Amino acid sequence: MRSSLTASANGSDVSDRIGHGTAVAGVAAAVPDNGIGIAPEYLNRIFGVFERIPGPRHYEGTGIGLAIVRKAATRMGGSVSVESEPGKGSRFCLYLPGRKIQGSQGK
């Protein structure tokens, strides 16, 4: 999320636009990033370790953050995805399934 907050094209505060909710079987969160956007051919590539997409500007980072997020989400039975359009920014979506905890009374 820090990357989405620092990659704001116009410096606007995005904290009030981070969506979240409880799905029927889990938790979902959507994080906007109003940066440069991502071309369709790079959408899956950005989740690879040390992958950086070519662009007109250089952004700090190692290229492992999204790979770690995807690996963690997958290990928990969830998923992470991105919707993006060059020049218009991106939206990262995270889903983590719920599970019943033994002994829980549902409170």
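Coordinate-derived values only; no laboratory data. Computed from a prediction, not measured in an experiment: that's the story for all the values here. Here the Cβ positions follow ideal geometry from the backbone for every residue, glycine too, while neighbour counts run over all protein chains shown.
At a Förster radius of 22 Å, what calculated FRET efficiency corresponds to the Cβ-Cβ distance of residue 50 and residue 74, to the nearest 0.05?
Efficiency, from the Cβ-Cβ distance: 0.75.
As an exercise, use a Förster radius of 30 Å and the Cβ-Cβ distance of residue 25 and residue 67 to find the FRET efficiency, rounded to the nearest 0.05.
So, using R0 = 30 Å, E works out to roughly 0.75.
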